[in-house]
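Quick notes on the structure that follows.
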Amino acid sequence: MSAHHPDDLTLLEYSAGSLGLAQALAVSVHLGYCLQCQSQLRKLNALGGVLLSETRPASVGANDDQIPGRDDAQSEDLDQGFDQLMARIESEKPARTETVVSKRYHNPLERYLPASLDELAWQQQTREIAKYDLTNVVDMGSARITLQKIKAGAKVPVHTHRGNELTVVLKGGFSDELGVYHAGDYIARDPSHHHSPTALQNEDCICLTVLDAPMHFTGPLMRWLNPLLAWKA
């Protein structure tokens, strides 16, 4: 079972259908591996109306363009409603039909891949790192969507990100400065994180990565790559 998951707010937005498409893709792939999040999502789907039924509706003026925010009282009500919802979810007994539920979740990447992960036409980036670009195939706005393959034991040079990066491990695993990750794990990184992922020794690591801005190498030997990674408008 996965040990790293989307946070509660991400799952709530996924349940409500308000999550961005690229981020929703990463969550969907994770769900195919994770019984815990499947169970959590079932509860969110069942209790999703609590926020609407237990909070005051915001007053709506004649011009909707003039109501981009909420007043303090409304914000407090929504915060309390969210806390109440999450408390009720946590108090629910674990679903006894998790195995049945898992059959409803299929890896959505399957429809986009012409072959198995091991048989894809991988594009070598270095001797030990390769990618399979799905950006034009999946077509989810400005996000860059790729599969990354790192040879067993190989290390990605230290880098950060100009935006957000979502990673779902599909096969094998890797470690970085913040933890160890295995198949199904969902990892979120932002510009505050500097890391150097290293594939575990036992097998190649394959991950789905979703980027909303280019990565940025920070090591002195690899900075020359940054101009090559800039995205074309």
### Query
Between S18 and D118, what is the spin-label point distance in nm, taking each point 7 Å from the Cα along the Cα→C-beta axis?
4.4 nm
### Message
Show me the three semi-axes of the equivalent ellipsoid for region 167-216, from the C-alpha gyration tensor (sqrt of 5 times each eigenvalue), largest first, rounded to whole Å.
### Response
19, 12, 9
### Query
Percent of accessible area on region 100-207 owned by carbon and sulfur, 1.4 Å probe?
47 percent
#### Entry: Paramagnetic label zone (point 7 Å from Cα along Cα-to-C-beta, K151; backbone N under 18 Å) in region 171-214
172-175, 197-207
### Task
Measure of size requested: the Rg and Dmax of region 110-167, with Cα atoms as the atom set and Å as the unit; please supply both.
12.6, 34
## Note on the structure
One finds, for S192 and A46 with R0 = 41 angstrom and r their Cβ-Cβ distance, a FRET efficiency to the nearest 0.05 of 0.70
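The values are calculated or read from the model by the stated rules, or taken from the named source; none is laboratory data. This one's a predicted model, so the numbers in the text were calculated from it and none came from an experiment. As a convention, Cβ positions derive from the backbone with ideal geometry for all residues, glycine included, and neighbour counts pool all protein chains shown. Please note that ligands, DNA and RNA were not included when accessible areas were found on the heavy atoms of the full protein model with its side chains. Shrake-Rupley method; radii C 1.70, N 1.55, O 1.52, S 1.80 Å.
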